[in-house]
């Protein structure tokens, strides 16, 4: 057989996970001029794009336009998509090794970090990740229920996801009608009884993890006054001292928060209350086991030996009445079958994207990772681009050194036959483009960007495929 990487014997790459990290990895590989590379991308959902579809807030349509770049990549003859195919249940790592020279895991971070305080498991206490997936129409979460009859809600965290959750809870029906939010979520939120939303930050305004555009939006809600306590908007001495090395984003966040603290409420139907330097210490329940209040401790900032600022609870305590709680303190990766995983960090064990054998700390031949499952849940969508490029560079280095798998069936048709046999209802990229057309056409009828399919069976039915149960 001819040399690997030639036109007749291309370097065969499987990417597991069709989110931004997967597409950016493919993008870098396709830029390699002297190596013929083909990419087969697998995803357990019939739809590509990962958190761009199922995580980016529905009122942030501009961010979702990155999918146009991914569409261009997918149009290349060297690219194929096998959606509705799950690693572990439909195909295995051992099988992929028989069909590909290299395998890349880009499955993201699919669950949440747990906040270990008393009462966290009471009814109406949820991970924000589940609420985000629910309002975005993720098929796994469409049947979840959230008690929106409650008047007061707490969102624990001040990152961008926390801001998204708080903002969506405060949006008017008219605002939501301009988005691609799932139909059932649109109705539930339109009939919501929520009047007060607290966002809880354990450190001060200078340490808030949200970005300035997200912060600015909080002051522009049509149906909600955003309130910041003036004393919590002021910077403590340690935060003041840290500003010497602060970036523009941090300075802009502080400006926005302090400007919000000076505003008089306009009497809008809802109130969004940003709290800083407080930590939840307990969720308080009633006899039925439902959350009725949150106990919080006032914090002060201390400096570690390395110079980072940490929060420390004081003996000052307060309670706020809340009937619904979302924790948003970070995403966590989920292990993949037969792939080395670091449980505490929530990532695939790796070095610069090369998967490592936990027994020897040596690279596992032909296996790589990129994105949040590689480095943890940090950064925005674009952060995955240099991360994926780093992984792709390692893949190309290993290929040049002859360090690839030796698949028994590297032919394109062989992988297709495997998938057809294992999952006859797989979804190709052409199938996805058809679903995309149907969603955008349904949206156009309502003056919305799209109306999403939220059930796998209905997606398959629309494509003339019969679901196998």
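The values are calculated or read from the model by the stated rules, or taken from the named source; none is laboratory data. Only a predicted model underlies this, so the values are computations on that prediction, with no experimental measurement involved. Reconstructed Cβ throughout: ideal geometry from the backbone, glycine too, with neighbour counts over all protein chains shown.
Some notes on this structure:
- Any hit, region 410-417, residues being more than 24 Å from residue 3 (Cβ to Cβ) and either in a helix (DSSP H, G or I) or modelled with pLDDT under 95 (or both): yes
- Selection status of residue 48, in a loop (DSSP other than H, G, I, E, B), in contact (Cβ under 8 Å) with a residue 40 or more places away in the chain and under 20 Å from residue 434 (Cβ atoms): yes
- Wholly within region 51-167, helices (runs of 4 or more DSSP H) carrying at least 2 residues that are under 30 Å from residue 407 (Cα atoms), touching a helix residue (DSSP H, G or I) at 6+ places or on another chain (Cβ under 6 Å) and modelled with pLDDT of 95 or more: 67-74
- Total residues in region 302-346, condition in contact with a helix residue (DSSP H, G or I) (Cβ under 9 Å, 6 or more places away or on another chain), surrounded by fewer than 17 Cβ atoms within 10 Å (Cβ to Cβ), modelled with pLDDT of 90 or more and part of a loop (DSSP other than H, G, I, E, B): 3
- Test set (1) at pLDDT below 95; (2) within 17 Å of the chain's Cα centre (by Cα) - residue 33 fails condition number: (2)
- Every residue from region 258-301 that is part of a strand (DSSP E or B) and either farther than 15 Å from residue 120 by Cα or not assigned by TED's automatic domain parsing to the domain that holds residue 228 (or both): 270, 271, 272, 273, 274, 275, 278, 297, 298, 299, 300, 301
- Failed condition for residue 220, given (1) farther than 14 Å from residue 269 by Cβ; (2) in contact (Cβ under 8 Å) with a residue 40 or more places away in the chain; (3) touching a strand residue (DSSP E or B) at 6+ places or on another chain (Cβ under 9 Å): (2)
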